[in-house]
Amino acid sequence: MKRAWAIAKKDFRQALRNHYFIGIFLLAIVVSFGLRQFLFMPEANLKEDEAILAVRFMVSMAFFTPIGMVGAMTVPLLMVEEKERETLRFLLVSPASISDVLIGKTIVGVVVGMIIGVIAIAIVGELESLLSVMVLLVLLISSALCTGVGLLSSAFFKTALQSNTWSGIPLLVFLGGLLGDAVPPETVMAEALKLLPSHSASALLAASLGTHLPADAMLGHCIYLGIWIAAIYALTLRLYWHD
């Protein structure tokens, strides 16, 4: 674990030196402020059920967009740069293993994702919710999920150009799950979108912010997310182990 922390510290310094997170922080602020203004527009005359869905969708977008960008776009870039500079090879002939490398990258993605998530929630107007253990748990799970998606996609990229070009696709798929309750219910598209793990993360976020959700439904979403996260990291480890 010490080797994983050492790799994480190296990546933090590299990301700060290259200003990787500045754009995402600015995006989080702009998106959150924009959605906050929309949520409090007096002319937005919506029915009660429509208003609930609108608020949930907007808060989820403010919450998950920057987290998704950190995990799906910045984290794979950190991994791909190791390949381009051939530092990954040097790491693997050192006492560090591929597991240590992946854990180190995961620490970076989760920590930065949680920080950005806190900022987004605070700007949207849910600052008091940050005192909730449930909100922090959703932050942790969501950041781990997004980071896992990014690490998995990085296994297929050889250059930073490939990463920058294609890493947006997993992000769009991830954000598609937030539309699960926004499209017409009981349609094929609605049911398909609800299968994405981001839909479960969005449901847990809504529950942690006060929306009623039965305990068995919350447990089901947690188990579903746990299965996805375990499968993503296991597949990522397998791909890099045989690379």
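The values are calculated or read from the model by the stated rules, or taken from the named source; none is laboratory data. Keep in mind that this is a model prediction, so the values were computed, not measured. All Cβ positions, glycine included, derive from the backbone under ideal geometry; neighbour counts span all protein chains shown. Accessible surface is based on the protein model in full, side chains and every heavy atom, while ligands, DNA and RNA are left aside. Shrake-Rupley method; radii C 1.70, N 1.55, O 1.52, S 1.80 Å.
Just one of (1) outside any helix (DSSP H, G or I); (2) at pLDDT 85 or above; (3) in contact with a helix residue (DSSP H, G or I) (Cβ under 6 Å, 6 or more places away or on another chain) fails for S200. It is (1). Across segment 145-165, the qualifying residues are those that are open to solvent by 20 Å² or more (accessible area, probe 1.4 Å), outside any loop (DSSP other than H, G, I, E, B) and modelled with pLDDT of 85 or more, and the one among them that is nearest to C222 (Cα to Cα) is V149.
In this structure, L171 does not satisfy being at pLDDT 80 or above and open to solvent by 30 Å² or more (accessible area, probe 1.4 Å).
Each residue in segment 126-140 was checked for being farther than 20 Å from G109 by Cβ and at pLDDT 65 or above, and 3 of them qualify. Pairing each residue of segment 1-23 that is in a helix (DSSP H, G or I) with any residue that is open to solvent by 100 Å² or more (accessible area, probe 1.4 Å), provided the two are 6+ apart or on different chains, yields C-beta distances under 7 Å for R3/P95. Remark: pairs (first residue in segment 63-74, among the hydroxyl-bearing types (S, T, Y); second residue surrounded by fewer than 24 Cβ atoms within 10 Å (Cβ to Cβ); Cβ separation under 8 Å; 6+ apart in sequence or on different chains) = T65/L27; T65/V31; T65/L175; T74/A15; T74/Y20; T74/F21; T74/I24. The requirement of being within 22 Å of P66 (Cβ to Cβ) and of a type in the set (D, E, K, R) is fulfilled somewhere in segment 165-186, by at least one residue. The number of residues in segment 49-107 being at pLDDT 80 or above and either surrounded by 24 or more Cβ atoms within 10 Å (Cβ to Cβ) or part of a helix (DSSP H, G or I) (or both) comes to 31. Given the condition open to solvent by 50 Å² or more (accessible area, probe 1.4 Å), part of a helix (DSSP H, G or I) and at pLDDT below 85, answer yes or no: does some residue in segment 219-235 qualify? No: segment 219-235 contains no residue that is open to solvent by 50 Å² or more (accessible area, probe 1.4 Å), part of a helix (DSSP H, G or I) and at pLDDT below 85.
Candidates in segment 108-120 are the residues that are open to solvent by less than 30 Å² (accessible area, probe 1.4 Å) and without any contact (Cβ under 8 Å) to a residue 60 or more places away in the chain; of these, the one that is farthest from A8 (Cα to Cα) is G117. In this entry, L27 is excluded by the filter for residues that are modelled with pLDDT under 80 and more than 21 Å from S153 (Cβ to Cβ). Filter segment 10-24 for residues that are of a type in the set (D, E, K, R) and surrounded by 13 or more Cβ atoms within 10 Å (Cβ to Cβ) and give the result. Passing the criteria: K10, D11.
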